[in-house]
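Everything on this sheet refers to the single structure shown next.
The values are calculated or read from the model by the stated rules, or taken from the named source; none is laboratory data. All of these numbers come straight from a predicted model, not from anything done at the bench. FYI the Cβ positions are ideal-geometry reconstructions off the backbone, even for glycines, and counts take in every protein chain you see. The accessibility values were calculated without ligands, DNA or RNA, using every heavy atom of the protein model including side chains. Shrake-Rupley method; radii C 1.70, N 1.55, O 1.52, S 1.80 Å.
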Amino acid sequence: RRLFVAGYGESVIAERVAATLGAGSPSASGVRWATYLHAGTVEVRLWAQRSQEGLRAGEAESAVAEAAARVREALAPWVYSEEEPSLSSAIASLALRQGRRVAVAESCSGGAVAAALSGVPGASRWFAGGVVAYQSWVKERVLGVDRGILDSEGAVSAACAEAMARGARASLSADVVVAVTGYAGPDGGDERNPVGTVYVGWSDSTGQGSVRRVFHGPRHAVRERATWEALVCLWARLSGLAPPS
């Protein structure tokens, strides 16, 4: 069995699985487990081998199924798939099932979130589109971000991310929107928001909010992490969850 998890780091996931099944591998039930880090997601893999674990025919399958159910409960509600690592596909399934239209507004990620979403076959049925508002005047004129927010809080701020999401939701007639703004580097940043700081804002019918992240590494790594955080936030809002703090 394979469980794909968002919202937790690999070390936290490993600790929870160990607390559920035991730190040793195989566990007392003969089930072995391991975690694997993919691009922005963590996979928990569970398996058992009859010849090695002394299990009779059918016992290995039952043991793995039971272990997977226990691990899923321990990692709830952040197991988004048991089939494939694509969070974009999980977002598509939720949006289609709920009949909700999704959109994005991006700055530092430069359209990568929209690319990930539109890469899902049939995306036109649920993905309205996105706005890449790289310069502040685009945020103001296209997304309707108030000049006062840009002057007082700055383009890289929770207030700006939330305003970008609100503006995109209105202009693109979307139900759920995420927005990304940050300092990808190597330049920019200040004492309050150093290089690597990213804000992901969201807006839907229940209100709005944002999360702040500080990533480390080169420019491309910060952009990739920002893109993943936006997808996690979008999946969380479609699932009725607050994005992980």
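Annotations for the structure displayed:
- Pairs are defined by a Cβ separation below 6 Å, a sequence spacing of at least 6 or placement on different chains, a first member in the stretch 55-67 that is small (G, A, S), and a second member that is modelled with pLDDT of 75 or more; the pairs so defined are A60/A48; A63/G30; A63/V31; A63/A48; A67/L21; A67/V31; A67/L46.
- Residue within the stretch 208-215 that is farther than 15 Å from E106 by Cβ, under 12 Å from the mean Cα position of the chain (by Cα) and of a type in the set (K, R) present: no
- Residue check for A28: in contact with a Gly (Cβ under 8 Å, 6 or more places away or on another chain) and surrounded by fewer than 21 Cβ atoms within 10 Å (Cβ to Cβ): yes
- Qualifying residue in the stretch 89-110 (condition: within 15 Å of the chain's Cα centre (by Cα) and in a loop (DSSP other than H, G, I, E, B)): yes
- The residues of the stretch 215-235 that are among the small types (G, A, S) and either at pLDDT below 95 or surrounded by fewer than 22 Cβ atoms within 10 Å (Cβ to Cβ) (or both), listed by number, are G217, A221.
- As for the stretch 24-37, it holds no residue that is of a type outside the set (D, E, K, R), in a helix (DSSP H, G or I) and closer than 25 Å to R213 by Cα.
- With respect to (1) without any contact (Cβ under 8 Å) to a residue 60 or more places away in the chain; (2) not in a strand (DSSP E or B); (3) not polar (S, T, N, Q), the lone exception for L231 is condition (1).
- On inspection, G167 qualifies as over 21 Å from the mean Cα position of the chain (by Cα) and buried (at least 17 other Cβ atoms within 10 Å of the Cβ).
- Among all positions in the stretch 132-153, there is no residue which is of a type outside the set (G, A, S), outside any loop (DSSP other than H, G, I, E, B), within 13 Å of W202 (Cβ to Cβ) and open to solvent by 40 Å² or more (accessible area, probe 1.4 Å).
Every residue, every condition in (1) at pLDDT below 95; (2) under 30 Å from K139 (Cα atoms), yes or no:
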site: V5; (1), (2): no, no
site: G22; (1), (2): yes, no
site: S29; (1), (2): yes, no
site: H38; (1), (2): yes, no
site: W47; (1), (2): yes, no
site: A69; (1), (2): no, no
site: E82; (1), (2): no, no
site: G99; (1), (2): no, yes
site: C108; (1), (2): no, yes
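- For R212, the stated conditions do not hold, so it cannot be described as part of a helix (DSSP H, G or I) and either open to solvent by 30 Å² or more (accessible area, probe 1.4 Å) or touching a Gly at 6+ places or on another chain (Cβ under 7 Å) (or both).
- Some residue of the stretch 171-180 being touching a helix residue (DSSP H, G or I) at 6+ places or on another chain (Cβ under 8 Å), under 21 Å from A6 (Cα atoms) and part of a helix (DSSP H, G or I): no
- Taken over the stretch 111-128, the criterion of being part of a loop (DSSP other than H, G, I, E, B) and of a type in the set (V, I, T) is satisfied by V120 alone.
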